[in-house]
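These notes concern the structure reproduced below.
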Amino acid sequence: MSLVTDFSLYLVTDGRSAGVTSLSDVVKAAINGGVTIVQYREKNAGTAQMIRVATELHKITRKYGVPLIINDRVDVALAVDAEGIHVGQDDMPAAIARKIIGQKRLLGVSVKTVKEALRAVKDGADYLGAGDIFGTTSKEDAGEAIGLEMVKKIAGSVNIPTVGIGGITKINAGSVIESGADGIAVISAIIGKPDPNRESEELLKIIKRSKIKYQKSKTAVIK
């Protein structure tokens with residue numbers, strides 16, 4: 001896909017964690033705070049409900065020029081004309097998802113190893129979700145943490161963006177970027193917080209500082 005996408009601060013939704021605040025309000029506040037891409041992830045709702053929620057979210061993301069990615073459900077992505085789809089290793093195979101969505105939509109793939117990363121690129125992925133990095137309670141199917149060293153290996157093995165995910169907070173976000181990731185994906189670090197706008201602003205500041213630090217370290221190595 002030729003569309004230039006900023007993966008710096010990638011918000012993954014979780015309706016269970018939004019609390020009394022509506023998911024739409026949380027997403028709007030997060031985007032205003034600096035979120036650059038949004039993934040609608042819902043494992044427990046029916047198709048009709050997912051389409052309703054995704055349609056509502058897409059109105060918001062389109063208004064702000066932020067891509068909306070749908071987790072796993074290619075049918076929902078097509079129904080709401082979302083900008084992309086994200087699949088895991090146990091979801092629809094990436095190569096098949098690519099055939100269905102065509103070349104104009106983003107395709108993201110979750111990976112834990114360099115082998116999975118290389119296969120995802122071959123299957124047509126536009127970006128990778130590398131993790132779980134630190135361990136998380138937001139995703140029941142996260143599995144064992146892969147750590148920062150694996151993120152570094154994955155990011156260094158491919159020529160497409162790598163987004164780190166899993167247990168990322170303001171405390172460790174910088175280390176993910178400094179390991180070579182192009183961005184971080186978060187759930188609980190924004191969703192369910194009293195002030196999603198402020199949390200997003202603070203995370204984005206950390207990301208920007210860490211990217212500068214990472215680029216300087218790469219330049220120093222080259223010299």
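None of the figures in this text is laboratory data; all of them are computed from the coordinates on show. This one's a predicted model, so the numbers in the text were calculated from it and none came from an experiment. For neighbour counting, all protein chains shown are included, and Cβ atoms are generated from backbone atoms with ideal geometry for every residue, glycine included.
Listed residues Lys115, Lys153, Lys104; which is touching a residue at least 60 places away in the same chain (Cβ under 8 Å), basic (Lys, Arg) and either surrounded by fewer than 20 Cβ atoms within 10 Å (Cβ to Cβ) or outside any strand (DSSP E or B) (or both)?
Values: Lys115 fails: touching a residue at least 60 places away in the same chain (Cβ under 8 Å); Lys153 fails: touching a residue at least 60 places away in the same chain (Cβ under 8 Å).
After applying the criteria, what remains is Lys104.
Considering each residue of region 178-192, count those that are touching a Phe, Trp or Tyr at 6+ places or on another chain (Cβ under 6 Å) and either of a type in the set (D, E, K, R) or more than 14 Å from Leu128 (Cα to Cα) (or both), and give that number. Qualifying residue count, region 178-192: 2.
Scanning region 165-175 for residues that are under 12 Å from Gly129 (Cβ atoms) and either of a type in the set (Ser, Thr, Tyr) or not in a loop (DSSP other than H, G, I, E, B) (or both) yields one hit, Ile165.
Could you tell me whether Val76 is part of a loop (DSSP other than H, G, I, E, B), of a type in the set (A, V, I, L, M) and either crowded, with 21+ Cβ neighbours inside 10 Å or touching a residue at least 40 places away in the same chain (Cβ under 8 Å) (or both)? Spell out how you get there, then give the answer.
Values: part of a loop (DSSP other than H, G, I, E, B): no; of a type in the set (A, V, I, L, M): yes; either crowded, with 21+ Cβ neighbours inside 10 Å or touching a residue at least 40 places away in the same chain (Cβ under 8 Å) (or both): yes.
So Val76 does not fit the description; no.
Return yes or no: is Gly180 in a loop (DSSP other than H, G, I, E, B) and surrounded by fewer than 20 Cβ atoms within 10 Å (Cβ to Cβ)?
Working: in a loop (DSSP other than H, G, I, E, B): yes; surrounded by fewer than 20 Cβ atoms within 10 Å (Cβ to Cβ): yes.
Yes.
Can you give me the number of residues within region 24-59 that are among the aliphatic types (A, V, I, L, M), under 25 Å from Ser110 (Cα atoms), over 17 Å from the mean Cα position of the chain (by Cα) and assigned to a helix (DSSP H, G or I)?
Of the residues in that region, 3 qualify.
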